[in-house]
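The values are calculated or read from the model by the stated rules, or taken from the named source; none is laboratory data. What you see is a predicted model, and the numbers here were worked out from it, not measured in a lab. Cβ sites come from the backbone with ideal geometry, for glycine too, and all protein chains shown count toward neighbours.
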There are 2 protein chains.
Amino acid sequence: MWQLYQFPLCPFSRKVRLLLGEKGVGYEPVRESPWQRRDEFLDLNPTGQVPVMVDSERGVTLIDSSVICEFFEETVTKSPMLNGTAPDRAEIRRLVIWFDTYFYRDITAPLLNERMLKRLVYRQAPDGQALRGAMKAAVEYLDYIDYLLDHRTWLAGPMMSLADLAAAAQISVADYLGGIDWKSHEQAKRWYIGMKSRPSFRNLLTERMDGIAPPADYEKLDL
Amino acid sequence: MWQLYQFPLCPFSRKVRLLLGEKGVGYEPVRESPWQRRDEFLDLNPTGQVPVMVDSERGVTLIDSSVICEFFEETVTKSPMLNGTAPDRAEIRRLVIWFDTYFYRDITAPLLNERMLKRLVYRQAPDGQALRGAMKAAVEYLDYIDYLLDHRTWLAGPMMSLADLAAAAQISVADYLGGIDWKSHEQAKRWYIGMKSRPSFRNLLTERMDGIAPPADYEKLDL
């Protein structure tokens, strides 16, 4: 049985959990708070980051969400999430990196810092300017999602792919932390409601981070 | 013919160029200085980062070094650089991310900022503390390379892989900028000399960045 080291608001762990859910791979979630820098966890992954997956029976450790996703894409044929020709796959991977790197840097990371870490770890008030910057950036990213969906059924093309999972994972954490305003983003909103209605997503949405409540419509399917 | 947008000291472009060299893929290098944020290049890649590869005849654009490497690994069978079983491939990808993300963050990025950007763009003197921090971090990373090579012929296992190319790319830029001291890193030094002697690497080592000279032994095969 795979163990997945993660915490509820980690967007990269959410991407992995969505993929495992779509592929029907069973796993035991193990709660890990990377900011505690626990010695046993640092032995597993010296960078101290989640997600990490371990299959102790087979002696396999997978470190980093992109490594984990490529591994299960290669080993589990059900619900392929890197579909199509080599250029199609390049477009999927480009968008995954775009969400994992840039959306995370501009939106998810500042929201996690201001609304989660400052509350749970540093015991500081959030910085209003950083929050406003993240929410302003979110509007631009939603504009780009609208643009993609003007031309495509799913973010990277005609089929659901890892790009949709990566995007939904980042957006769901930003949404939990009150960083997403769906107003005048009809295309993106409809796509996101579709993602939310998937069984792989329903479980994630019922989880809560200690002491931090999501907005009232976080779980709802009619935004 | 592929065009590769890059500049001589970009470690991610170097990783791609090493892969293309090993695989025998021809390309035309196009000089791009991402800090100039040229409009035509931003149209190609809105994040403004190199490397980007374009095949205008086939209408294919590849953005981000990891996307490019996966693309050529999938489409060119010569000299596979993601060899072995799924766990072997996961280990290669883990190390690629380790060099691309953490070595870059701790060593290559501060060196590029202090010794290239401050000279060419900001016209400022380098910050000695940042330089000392990068060089201190380099010692720890070389220790880890020594450790890997105690157990393996190449960084990720018994065969040369993308992990070796990613590592050599980052190290070569850090070395150009005077950030690497090989003293008491015999294992790593021997591995790096082996990398330097490959035809795919020789071309890179003869290139120079305008106004920035590398140390005397930068190209040498007897360090």
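Of note:
- Note on the range B:70-83: among residues that are facing chain A (nearest Cβ under 10 Å) and under 23 Å from B:Thr101 (Cβ atoms), the one that is surrounded by the fewest Cβ atoms within 10 Å (Cβ to Cβ) is B:Glu74.
- Residue check, B:Arg115 modelled with pLDDT of 95 or more and farther than 24 Å from B:Lys78 by Cα: yes
- Residues of the range B:40-69 satisfying the condition of being more than 8 Å from chain A (Cβ to nearest Cβ), among the aliphatic types (A, V, I, L, M), without any contact (Cβ under 8 Å) to a residue 40 or more places away in the chain and within 13 Å of B:Leu4 (Cβ to Cβ): B:Leu44
- Failed item in (1) away from every other protein chain (no Cβ under 14 Å); (2) under 30 Å from A:Gly84 (Cα atoms), with B:Gln124 passing the rest: (2)
- Test: residue in the range A:135-150 that is farther than 30 Å from B:Phe72 by Cβ and touching a Pro at 6+ places or on another chain (Cβ under 6 Å): no
- Elements of type helices (runs of 4 or more DSSP H) in the range B:1-113, at least 3 residues being under 30 Å from A:Leu44 (Cα atoms): B:11-23, B:65-75, B:86-97, B:109-112
- The range B:183-214, residues that are within 23 Å of B:Val139 (Cβ to Cβ), assigned to a loop (DSSP other than H, G, I, E, B) and at pLDDT 95 or above: B:His185, B:Pro214
For every residue, the table says whether it meets (1) within 14 Å of chain B (Cβ to nearest Cβ); (2) assigned to a loop (DSSP other than H, G, I, E, B); (3) over 19 Å from A:Asp175 (Cβ atoms).
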residue: A:Arg115; (1), (2), (3): no, no, no
residue: A:Met135; (1), (2), (3): no, no, no
residue: A:Glu140; (1), (2), (3): yes, no, no
residue: A:Asp143; (1), (2), (3): yes, no, no
residue: A:Asp146; (1), (2), (3): no, no, no
residue: A:Asp150; (1), (2), (3): no, no, yes
residue: A:Met159; (1), (2), (3): no, yes, yes
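- Residues that are within 27 Å of A:Arg115 (Cβ to Cβ), surrounded by fewer than 22 Cβ atoms within 10 Å (Cβ to Cβ) and touching a Lys or Arg at 6+ places or on another chain (Cβ under 9 Å), drawn from the range A:10-43: A:Gly21, A:Pro29
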